[in-house]
Amino acid sequence: MESVLILASRVVNFLHDSILLVVQQSGTPIGDKELHFWVFGLIGMIIFFCSHAAFKYLQRWGLGAVSFVFTGIILTILAVGIEVEQYITSRGQMDTADVVAGLAGFLAFFLAYCLLVLIGRLFLAIGRMIGGRKKDRMWRS
């Protein structure tokens, strides 16, 4: 995990320095803050359009699919963030297996939730088959 983060930080630093060098060589009077403004603005819009297209595609399977993917993304970010925090504060060992274990926990709980929903729907379907809508008619005069 540590080597992946070090590699990622090197790539980000290389891109940052390269973009800053190109901008400075072009003679454009732009500082680091303005560079962050433009780069994050562009990256944000790319992420927005990609996620919008992905969520629109997932919408075919309902809001649950969109919520599942969104939750998975947030939990992945949270798990990696916690691992980085543990490394910085020396409170634990930064390990990719911890991230995988955390996401596996989410999948296990989500599968249990899906199973409960299916059981509930099964009972409702059986109840409708047995009782039908006669109960509703009983209360009408």
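Any read-out appearing in this document is the output of simple, stated calculations on the displayed coordinates, not a laboratory observation. Just so you know, these numbers come straight off a predicted model, no measurement behind them. No Cβ is skipped: glycine too gets one built from the backbone with ideal geometry, and neighbour counts run over all protein chains shown.
A few notes on this one:
- Condition met for I82 (exposed (fewer than 14 other Cβ atoms within 10 Å of the Cβ), in a helix (DSSP H, G or I) and either in contact with a Ser or Thr (Cβ under 6 Å, 6 or more places away or on another chain) or not basic (K, R) (or both)): no
- Hits in region 1-53 - residues which are in a helix (DSSP H, G or I) and touching a residue at least 40 places away in the same chain (Cβ under 8 Å): E2, V4, L5
- Residue selected from region 85-133 under the condition among the hydroxyl-bearing types (S, T, Y) and part of a helix (DSSP H, G or I), by the criterion nearest to S67 (Cα to Cα): Y113
- Screening region 1-32 for residues that are among the hydroxyl-bearing types (S, T, Y) and within 24 Å of I77 (Cβ to Cβ) and picking the one that is surrounded by the most Cβ atoms within 10 Å (Cβ to Cβ) gives S9.
- Residue within region 33-53 that is surrounded by 10 or more Cβ atoms within 10 Å (Cβ to Cβ), within 18 Å of the chain's Cα centre (by Cα) and among the polar types (S, T, N, Q) present: yes
- In this entry, F110 passes the filter for residues that are surrounded by 11 or more Cβ atoms within 10 Å (Cβ to Cβ), of a type in the set (F, W, Y) and without any contact (Cβ under 8 Å) to a residue 60 or more places away in the chain.
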